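Down below is the structure, laid out as structure tokens.
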Amino acid sequence: MRHARRRVVKRVARLAAVGGLLCGGLMVTQAAMATEPTTSPPATRSSVLAASGTGTGLVSRLGSSRTAGTWIADDGRPVVAVTDEDAAAEVKEAGARPKMVRYSGKELKSATAALRSAPRVPGTSWAIDPASNEVVVRADSTVSKGDWAKLTDLAEDIGGSVRMERTKGAYTMRLNGAQPIFGTGGRCSIGFNVTDGENAFMLTAGHCGPT
């Protein structure tokens, strides 16, 4: 039983490490990655964190009416969604890449507020996708046609910033936030369960300490 638990713990720690690398902006500590040797030099991780800091700093400085989020491109450069040419010029001057979008961060947050205030439907989730400049609402196979129609009507009332998607299977609670994950270097807390559309991962914000 003890050996089986160790195998599960090591598998969870590896998933957390991979998920942290995909996130880019989150710091994955040595404790979370201890069961898998790192292949990226410290300079690479530092550059990713620096790029993330540049993007978030620009969003904070320009404000939610002129920006709509930030992410890191495949080449490692920060991308900032902007709503006007002046903001785009400031982003370029700071060494980041601007992307002109239709909806501001303020408008996207207004859409999420409308979704939050509506009656909750089990089997659904939503999140802001800054790269597509949309709020993506997903419903699993347990959501009835009637509830799906109500959600679609709500999305249409909110406007074009909301995209509706059906997903296969059913949402299940795999792990709760703040549950522990263990590596040989210590104990960390799980932050979120995430997916890239094909694989499932866990992210940690690097809240780690001695076992």
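Residues that are touching an Asp or Glu at 6+ places or on another chain (Cβ under 6 Å), surrounded by 12 or more Cβ atoms within 10 Å (Cβ to Cβ) and either in contact (Cβ under 8 Å) with a residue 60 or more places away in the chain or not charged (D, E, K, R) (or both) are absent from the stretch 87-103 altogether. Scanning the stretch 140-182 for residues that are within 30 Å of residue 59 (Cα to Cα), in a strand (DSSP E or B) and aliphatic (A, V, I, L, M) yields 162, 164. Considering the stretch 113-132 alone, what residues qualify as being within 15 Å of the chain's Cα centre (by Cα) and surrounded by fewer than 17 Cβ atoms within 10 Å (Cβ to Cβ)? 125, 127, 129, 131, 132, listed by residue number.
Only one entry of 12, 79 meets the criterion of being at pLDDT 50 or above and not in a loop (DSSP other than H, G, I, E, B), and that entry is 79. Condition check: closer than 16 Å to residue 52 by Cβ, open to solvent by less than 40 Å² (accessible area, probe 1.4 Å) and more than 16 Å from the chain's Cα centre (by Cα). Does residue 76 satisfy that? Spelling it out, residue 76 is indeed closer than 16 Å to residue 52 by Cβ, open to solvent by less than 40 Å² (accessible area, probe 1.4 Å) and more than 16 Å from the chain's Cα centre (by Cα). Filtering the stretch 128-157 to residues that are aliphatic (A, V, I, L, M), closer than 26 Å to residue 69 by Cβ and in contact with a Ser or Thr (Cβ under 8 Å, 6 or more places away or on another chain) leaves 128, 135, 137, 139, 151.
The values are calculated or read from the model by the stated rules, or taken from the named source; none is laboratory data. Every value quoted in this text rests on a predicted model; they were computed, and no experiment measured them. Reconstructed Cβ throughout: ideal geometry from the backbone, glycine too, with neighbour counts over all protein chains shown. Just so you know, the surface numbers come from the protein's heavy atoms only, side chains and all, with ligands and any DNA or RNA stripped out. Shrake-Rupley method; radii C 1.70, N 1.55, O 1.52, S 1.80 Å.
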